1. Any idea how far the Cα center of segment 222-271 sits from the one of segment 33-100, in Å?
2. What percent does the relative contact order of segment 43-161 come to when contacts are Cα pairs within less than 8 Å and at least six residues apart?
3. Show me the trypsin sites (Lys or Arg not before Pro) within segment 408-463 that DSSP assigns to loop and that have at most 12 other Cβ atoms within 10 Å of their Cβ.
4. ³J(HN,Hα) across segment 77-84 via Karplus (A = 6.51, B = -1.76, C = 1.60, θ = phi - 60°), whole Hz, x for Gly/Pro?
5. Give or take rounding to whole Å, what are the principal axis extents of the alpha carbon atoms in segment 152-257, in descending order?
6. Relative contact order of segment 206-327, please, whole-number percent, based on alpha carbon pairs below 8 angstrom and at least 6 residues apart.
7. Provide S237, S322 in ascending order of the number of other Cβ atoms located within 10 Å of each residue's Cβ, fewest first.
8. For segment 43-161, would you read off the P(r) tail past 25 Å as a percentage of all alpha carbon pairs?
Amino acid sequence: MYKFGRLLSAIVSQNIAIVISIGLIRAVFGVYGWFPNDNVNLLTGPLLNWLLPVMFGYTGGHLIGGKRGGAVAAIVVFSLALASTVPMIFMAFLIGPGLGWIVLRLERLLENRLPSGFELLMANFVSALLAGGLAVFCFAYGGQAISRAIEQLNEHIVQIAYSGWLPISAAVIEPAKVLFLNNVMSYGIFGPLGISQIKSLSKSVYFLLEANPGPGMGMLLAYVIRMRGKWRGTSASALAIHSLGGIQEVYFPYVLMRPQLLLPLIAGNMAGIYAFQYFNAGLVSIPSPASLLLIVGLTPPGDMPYVLLGIAVSTAVSLTLSLLVIRAIPDMPEKAIGNREHDVVRRLVHVQQWEEVKRVLRPVSNLQASAANTREEAEAAAAVRGEAASARTDAAMDARQGETDENGYTVCFACDAGMGSSAMGAAILRKRLRTARMEATVVHSSIDQIPPDARLIVTHHYLLKRAMEHAPGREYVSLGNYTDPAAYDTILEKLRSLIALRSQT
């Protein structure tokens with residue numbers, strides 16, 4: 001189920017520009033828009049009914065079965081959309097990957113069973129036969145039947161949106177977000193549900209469930225009020241990036257350091273969802289990223305006060321409860337907050353990720369044996385600063401393989417979707433490299449698509465295991481906070497050591 005959710009997330013995220021474009025046209029020129037224009041608003045019908053399902057179907061087929069799988073899926077979904085009376089969003093999510101898988105299996109089945117020289121002919125003919133046959137069937141028989149089923153499904157979705165059970169979803173949303181499943185929740189679950197309501201309601205509250213920035217803003221504001229020194233500045237930076245930049249991952253480390261803060265986040269989101277429901281507020285598209293600026297741009301004019309009120313209520317509830325949680329802690333010295341890596345490692349032990357983490361953070365390995373040792377914090381800090389020295393043997397092996405690019409090294413920031421925190425981290429590192437007068441190629445990607453020429457991979461502690469599984473044999477740096485300047489000092493130190501080691505070899 002998790003893999004299917006990630007697949008849906010990838011399908012939506014790769015077409016998010018189309019989704020936002022349709023939403024913006026409705027927000028500006030729709031019936032309830034800023035400048036209603038019936039002629040321009042007519043454009044949203046074909047985009048929503050035909051273009052969007054076809055693109056979803058093609059993307060799903062391409063991800064599973066390559067370009068040929070995407071082409072077959074696009075033909076079938078388009079034929080189905082022509083014969084239907086409702087947008088075939090849900091069917092595109094199913095048909096696209098399904099036909100991609102069928103095309104992939106057919107290609108493998110015919111791979112060693114065809115005479116030499118006939119491979120391309122048969123592959124194209126089989127794909128065309130499959131696409132044509134299914135397209136005729138869907139256009140003649142499938143469209144109307146599936147339309148009736150989707151109309152009933154949409155009625156149930158609307159009932160859930162106005163039921164008293166919807167605020168309870170915050171108890172699942174907030175923990176899932178902190179575990180870096182925010183993109184799966186937004187693109188894979190609530191995004192498709194919201195898109196299905198756009199044609200009939202012109203807006204949807206589902207777009208606000210995961211994207212509501214209020215709970216995170218309240219929690220970070222509590223840190224700003226409570227902390228002093230550089231950590232107060234770091235929290236303020238994270239607050240600005242989260243609220244205006246829309247990058248939610250910047251506040252996840254604060255919750256991972258102190259899981260009790262999940263309660264304020266859940267309560268804040270519940271209060272916001274209740275406010276959205278009470279005033280019948282919603283957005284016209286998925287806000288990606290979930291920035292206050294984009295949320296305002298995707299809000300219908302009549303819903304603007306209520307959406308802002310819901311966000312403000314979420315922020316106030318989260319702030320109040322977060323202050324109570326933080327004040328319940330007698331002392332929060334900067335040193336303890338700055339050296340939280342050993343706490344993260346200890347939690348990873350309990351989820352069977354210790355072996356992967358231990359390869360990178362070797363000096364912290366004695367934490368497993370003596371959790372109460374008073375020297376833990378110093379050793380955990382030394383683990384990060386001495387990471388470059390502990391990896392020289394593996395780096396020498398990689399250097400002999402000659403996996404370098406023309407600029408020296410390729411550094412890849414990897415996150416769950418490859419768009420939010422990884423893009424921000426890559427931009428920060430590029431600036432630091434220019435200041436340090438160092439040359440390296442810095443890219444960002446999702447963990448599933450780490451480029452093969454990336455020598456140094458930077459990711460969050462929690463995502464380290466997945467990064468090692470998808471890109472084994474590389475150099476790794478795991479971060480706890482994407483806005484911590486000391487983390488980028490660690491990356492620069494390791495990069496210098498790798499470049500020096502390569503020059504020696």
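1. What the calculation gives is 38 Å, centre to centre.
2. Values: 162 pairs, mean separation 35.5, N = 119.
Contact order relative to length: 30 percent.
3. Values: sites: R430, K431, R432, R434, R437, R455; in loops: R437, R455.
Here the sparse-neighbourhood loop sites are R437.
4. So the J values, rounded to whole Hz, are 5, 4, 5, 5, 5, 5, 8, 9.
5. Computed over the Cα atoms, the extents are 56, 23, 20 Å.
6. Values: 192 pairs, mean separation 51.5, N = 122.
That works out to 42 percent.
7. Details: S237 16, S322 29.
In increasing order of surrounding Cβ atoms, one gets S237, S322.
8. On the way: 1951 of 7021 pairs.
The proportion of pairs with Cα distances above 25 Å equals 28 percent.
Only the coordinates and a few stated rules stand behind these numbers; no lab work does. The structure presented is a predicted model; accordingly, all values stated were derived computationally and were not measured. We place every Cβ from the backbone using ideal geometry, glycine too, and count neighbours over all the protein chains shown.
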